[in-house]
Each structure stands twice: as C-alpha cells, then as structure tokens.
Amino acid sequence: MTGKLTPRHLELLDHYGLLDHQAVSEVRTFSSGETIFTQGIEYKYMMIVVSGKAKVCTSAPTGKDLVLAYYLSSGLIGDVELMSNTPYATASVVTLSPFECIVVPFDPEKDSIFKNLKFMTALAKGLSENLINSSYNYTSNALYSGEQRLCAYILQGSYKDYFSDNLTDVAATIGVSYRHLLRLLNKLCEDKILKKAKKSFWILDPEQLTQRSAEAEYFKKNH
C-alpha cells in the first residue's frame, strides 16, 4: 500500500539530506510476514525505515535455508547495493511487524547522491552499525549455547514485547535442530519468561530473557 509524504516523512528525508528527492519519493506500508525484497531481484531504489521491524536474510547455498544477517527497525534498506553499485538485491528483507518506509528511487549513474555529504555520513554510520551486528551474530553462534543464542535472537527480533518469526528460519539461523528449538521455547514458557500466543510469543519477563541471552554473557566478558 502506498501513501503521501507527511511532515514526519519529510523530517526523515531531511535527516538523510534527501529533501530534493521528495517529489519522486512515496510512502509504502507492509503487513507482518511480507517480503519487501527478494535476494537477486533488480534493485532501483532504496528505502528509509519509518516504523516497524524486519529481518535481513541471505539464502544458503542449498537455496532452502535463510541465514540472518541483521534486524532493522530504523535506517536504510539498500545501502549495501548502493555503495557497491550492485544492480540486484544482495539479501531478502522480511517484515516481522506492520512496517512503513519511504521509497526513494535513484539512478547511480545520474544521481548526485554520492556528492551529498549529509547523506554519505548517515549512510556510512548505518553500514558500520550493521557490520558490528553481523560480526556479533557470527561470534554468538561460535561461542554461546543454543539457549543463549535463542534468547538473543528473540530480543533482537521482538517488537513491542512480541516475537513472531518462521521457526524453521530461527533454527537454521541459531544453528540448532527444529526439534531442539521447540524444546528450548517450551522451557522458556515453562519458566514464565515467554507465553505462547496465536502465532507469536509474548515476552513476559524481558529481564530474565536478557540474563539468559548471549548479550548478557558478552557483556560480562567485555566489561
């Protein structure tokens, strides 16, 4: 669904130094579980996240599993493609909640966007943060237990105290079997940390969830 720009959207465009693109930009909304981009499709625009949460995934060589790169609830979608001058989406983006963004078309050969210092500064900051998050996720899989990885995954992927995701993808991403994932989730529910809802999990005790996560262990080791 598309819509018109509001003052809030113009404020975000200004944050990225893109007010001169407002005439060609539009607002687009998605429902939870929708795929915004599929890896490999032609890419002709970037998106500024307004609200909601999504996950960025890349396909495994088998073409079946999705491996999580990072979550996003702010910033840009398409920054990697823009900076690497890649004409095709390098990853898939799937919403985890109702999601709203500003679509900004660009032409890498004609657009003056690379001469825009305000935009390039914001772009570099976002890329750096994504690199840190991706590095952390890789380290987490190598060093921490399945429960710690799952709790960290839930914390990163939750939206307004609810966690909703494809459990097959969750198992593949944190490196456990689907059966073991169900055991871990059941244990968290038995311990009153999570509560099973219709198609999601309600976080009852975020403090305990954090204490059991890889983030808590990482914090202990580095502070």
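The values are calculated or read from the model by the stated rules, or taken from the named source; none is laboratory data. The model shown is predicted, which means the values in this text are computed figures rather than measured ones. Because the Cβ atoms are built from the backbone with ideal geometry, glycine has one as well, and the counts that use them run over all protein chains shown. All accessible areas refer to the heavy atoms of the entire protein, side chains included, with ligands and DNA or RNA removed. Shrake-Rupley method; radii C 1.70, N 1.55, O 1.52, S 1.80 Å.
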> If a residue has to be open to solvent by less than 40 Å² (accessible area, probe 1.4 Å) and modelled with pLDDT of 80 or more to count, how many in segment 126-147 make the cut?
Replying inline: 3
> Which one of the conditions (1) more than 23 Å from the chain's Cα centre (by Cα); (2) exposed (fewer than 15 other Cβ atoms within 10 Å of the Cβ) does Ala197 fail to meet, given that it meets all the rest?
Replying inline: (1)
> Which residues, taken from segment 18-63, are in a loop (DSSP other than H, G, I, E, B), over 14 Å from Pro105 (Cα atoms) and at pLDDT 90 or above?
Replying inline: Ser31, Glu34, Gly52
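Restricting to segment 162-220, count the residues that are among the polar types (S, T, N, Q) and either modelled with pLDDT of 95 or more or in a helix (DSSP H, G or I) (or both).
Taking segment 162-220 and keeping what is among the polar types (S, T, N, Q), we get 164, 166, 168, 173, 177, 186, 200, 208, 210-211, 213.
Okay, now just the ones that are also either modelled with pLDDT of 95 or more or in a helix (DSSP H, G or I) (or both), so 168, 173, 186, 208, 210-211.
Number satisfying all stated conditions: 6.
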